[in-house]
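To start, the structure under review is shown below, and the notes come after it.
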Amino acid sequence: QVQVVESGGGLVQPGGSLRLSCAASGSIFSIYGMGWYRQAPGKQRELVAAVITSSGSTNYAASVKGRFTISRDNAKNTLYLQMNSLKLEDTAVYYCNTYPLPASWGQGTQVTVSS
């Protein structure tokens, strides 16, 4: 089972950018897909973006399409989420996990968008 550590979160103003990283303890190359999820206060956890390992195809939640980009570095066993044009509603704890079926959750990384 892959274990992950998310990092890169922080406080940013609306319109700003952040890049999240997810370091995996095992190889993510053999896993069908990896995704970034988020959970805002009082809301259910939701899928933000996912990438399919074999094809490299990606999919995004409608709310982030055009602003966020998911990518991976198989050699480094690392997943990334580049977040641009951040909005107040992007504030959440962000997690990476397997896709489409998440396994155990890591601690996540807090992203706060505030002026």
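The values are calculated or read from the model by the stated rules, or taken from the named source; none is laboratory data. The structure presented is a predicted model; accordingly, all values stated were derived computationally and were not measured. So basically every Cβ, Gly included, is an ideal-geometry build from the backbone, and we count neighbours across all protein chains shown. Remember, those area values only see protein heavy atoms, side chains included, never the ligands or the DNA or RNA. Shrake-Rupley method; radii C 1.70, N 1.55, O 1.52, S 1.80 Å.
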Test: residue 65 is touching a strand residue (DSSP E or B) at 6+ places or on another chain (Cβ under 8 Å) and of a type in the set (D, E, K, R): no
- request: Filter the strands (runs of 3 or more DSSP E) completely within segment 70-115 down to those with at least 1 residues that are in contact (Cβ under 8 Å) with a residue 40 or more places away in the chain and open to solvent by 50 Å² or more (accessible area, probe 1.4 Å).
  value: 78-83, 109-113
- request: Would you point out the residue of segment 76-101, among those that are modelled with pLDDT under 95 and of a type in the set (Val, Ile, Thr), that is farthest from residue 7 (Cα to Cα)?
  value: 98
message: Consider segment 18-27. How many of its residues are within 14 Å of the chain's Cα centre (by Cα) and among the small types (Gly, Ala, Ser)?
response: 3
